[in-house]
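Taking it in order: structure first as structure tokens, then the write-up.
The values are calculated or read from the model by the stated rules, or taken from the named source; none is laboratory data. Quantities reported herein were computed from a predicted structural model and do not represent experimental measurements. Cβ coordinates were reconstructed from backbone atoms using ideal geometry, including for glycine residues, and neighbour counts include every protein chain displayed. Side chains included, ligands, DNA and RNA excluded: accessible areas come from the protein's heavy atoms. Shrake-Rupley method; radii C 1.70, N 1.55, O 1.52, S 1.80 Å.
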Amino acid sequence: MIDRLVIFGATGDLMARYLLPGLGALHAAGLLGERFLVTGSGREDWDNERFRSWAAEQLGRHAPHLPAAVRQAVVSASEYRQADVRDAASVAAAVAGDRPVAAYLALPPPVFPSAVRALRDAGLPAASRIVLEKPFGEDLASAVSLNRLLAETMSERDVFRVDHFLAMTTVQNLLGFRLANRVIEPIWNSAHIAEVDIVWDESLALEGRAVYYDGVGALKDMVQNHLLQLLCLIAMEPPVSLGERDLRDRKVDVLRSVRPLTPADAARTSRRARYAAGRIADRDIPAYVNEEGVDPALRTETFAELKLEIDNWRWLGTVFRLRTGKALGCDRKEVIVRFREVPHMPADAAIPSAPNVLRFGLAPESLALELSGIGARVGELSPQTLSAELEPPEFPAYGQLLLGVLNGEAALSIRGDEAEEAWRVVTPVLDAWSADLVPMEEYPAGSLVRT
């Protein structure tokens, strides 16, 4: 297990909200040894004391459930090194030492190439690893270039392209539920499933993230990575094992089987929109174009929807709808599997049955199966729902993700060819949007956008 973690971009929102609480969860479980050291690195002219004070404040805000002793242990195991990731000398100072290091790039995608070159020129200790946050590149060409640069720097087995969705237990349950239950797998195909909706709607607006979000938008921020990963787990063939090779091979198969979109297809099957001024709960939300730090000329979307089809034996004829949006009226984060109608009902049935629906709630965690059955009135069908209580996860997603990085377990990491295939899927949509083949719609903040 690697016991040195260097995080570049360590004064940002990702560190505060997710990485520090993830480290706290691992420490509480006794999985970080006494020698474990986390080095935070950023451009700010901070010293150790300033960084530790900031880290303690963020842990108190975002992980108040952790015992005070655990939060203090994480703070005590931290240090700070000022560094410019475009400068090999300052990067070398941040990663200096004889022990292997996991260099975590909590940075915007445009900075990745400079940071990887700096790490390459600095010379990492043997058995070190590089960790990159999604999205991996800004388009297909940049992803290919980044993969080439990473291959020049270290072995693919030591490159972790992380997507925290894969570390969520509810997401992993998509695969576990279908593979571990004989009643499900035989009907997990287009003969029985008509549509699958993969939805990640948020009531959160921009929340001060304009520096990252503006110019990236919903399609690149969510669909190209998170939601396509969900698609892979839903649609993949059963792997021989859950090891990194077998699991990732099957995910790549899905992405390669997605029917390529023409410009006309992209115009017909995709939607984009951004929020206008509105109200969410007790908050007045300005229009996206009026948010601080937003450049209206970039025409960044805050809502994206895309319909895909998979050209293989299992899924031909099933529609997969991927959708995400910000500043909506409610949080809705789920996978909805819609089964086809039964082929025949008795002619004298009072009320026809509704198609069955299987719902995987992602946040919060839930599982429900919607059926039809006889209700209070004899002879009349009514909706019946079977639901299950799910145990809370052992670790938060970023805790599980960090554990895999430190232990060198790459099954939940994105392989280089997989990252490129994901860009191939969305490139025709990006091209169609750039050519204004798809209009930019608007929706009031706090509204519900129709499917």
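Quick rundown of the values:
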quantity	calculated
Positions within region 1-29 being crowded, with 20+ Cβ neighbours inside 10 Å and touching a His at 6+ places or on another chain (Cβ under 8 Å), in sequence order	18, 20, 21
Selected residue (criterion: farthest from residue 35 (Cα to Cα)) from residues of region 108-127 that are surrounded by 21 or more Cβ atoms within 10 Å (Cβ to Cβ) and among the hydrophobic types (A, V, I, L, M, F, W, C)	112
Residue in region 38-49 that is of a type in the set (Lys, Arg) and under 23 Å from residue 130 (Cα atoms) present	yes
Residues (closer than 30 Å to residue 330 by Cβ and either modelled with pLDDT under 95 or of a type in the set (D, E, K, R) (or both)) located in region 419-445	441, 442
Residue count for region 279-316, restricted to those that are β-branched (Val, Ile, Thr) and in contact with a Gly (Cβ under 8 Å, 6 or more places away or on another chain)	4
Qualifying residue in region 86-95 (condition: modelled with pLDDT under 95, basic (Lys, Arg), within 29 Å of residue 213 (Cα to Cα) and open to solvent by 10 Å² or more (accessible area, probe 1.4 Å))	yes
Region 367-383 - residue that is open to solvent by 40 Å² or more (accessible area, probe 1.4 Å) and at pLDDT 90 or above and, of those, nearest to the chain's Cα centre (by Cα)	369
When residues of region 384-418 are limited to those that are surrounded by 12 or more Cβ atoms within 10 Å (Cβ to Cβ) and either modelled with pLDDT under 85 or touching a His at 6+ places or on another chain (Cβ under 8 Å) (or both), the one farthest from residue 146 (Cα to Cα)	390
Flag for residue 245 being under 15 Å from residue 335 (Cβ atoms), over 16 Å from the mean Cα position of the chain (by Cα) and not β-branched (Val, Ile, Thr)	no
Residue in region 202-220 that is out of contact with any Lys or Arg (no Cβ under 6 Å at 6 or more places or on another chain), among the polar types (S, T, N, Q) and either without any contact (Cβ under 8 Å) to a residue 60 or more places away in the chain or farther than 16 Å from residue 328 by Cα (or both) present	no
Within region 30-69, tally of residues that are open to solvent by 60 Å² or more (accessible area, probe 1.4 Å) and among the β-branched types (Val, Ile, Thr)	0
Out of 278, 317, 293, sole residue that is within 17 Å of residue 216 (Cβ to Cβ) and touching a residue at least 12 places away in the same chain (Cβ under 8 Å)	293
Scan of region 429-444 for residues that are open to solvent by 70 Å² or more (accessible area, probe 1.4 Å) and more than 26 Å from residue 203 (Cβ to Cβ), ordered by number	431, 434, 436, 437
Cβ pairs under 6 Å, 6+ apart, first in region 339-350 and surrounded by 10 or more Cβ atoms within 10 Å (Cβ to Cβ) and at pLDDT 85 or above, second of a type in the set (A, V, I, L, M) and not in a loop (DSSP other than H, G, I, E, B)	339/193; 340/194
Residue 157 out of contact with any Gly (no Cβ under 7 Å at 6 or more places or on another chain), of a type in the set (Lys, Arg), more than 30 Å from residue 294 (Cα to Cα) and touching a residue at least 24 places away in the same chain (Cβ under 8 Å)	yes
Single condition residue 330 does not satisfy, out of (1) in contact with a Leu (Cβ under 6 Å, 6 or more places away or on another chain); (2) loosely packed, with under 15 Cβ neighbours inside 10 Å; (3) of a type in the set (A, V, I, L, M, F, W, C)	(1)
Only listed residue being in contact with a strand residue (DSSP E or B) (Cβ under 7 Å, 6 or more places away or on another chain) and under 30 Å from residue 128 (Cβ atoms), chosen from 405, 357	405
Cross-chain or 6+ apart pairs with Cβ under 7 Å, region 407-419 first and within 12 Å of residue 244 (Cα to Cα), then among the aromatic types (Phe, Trp, Tyr) and in a loop (DSSP other than H, G, I, E, B)	414/136
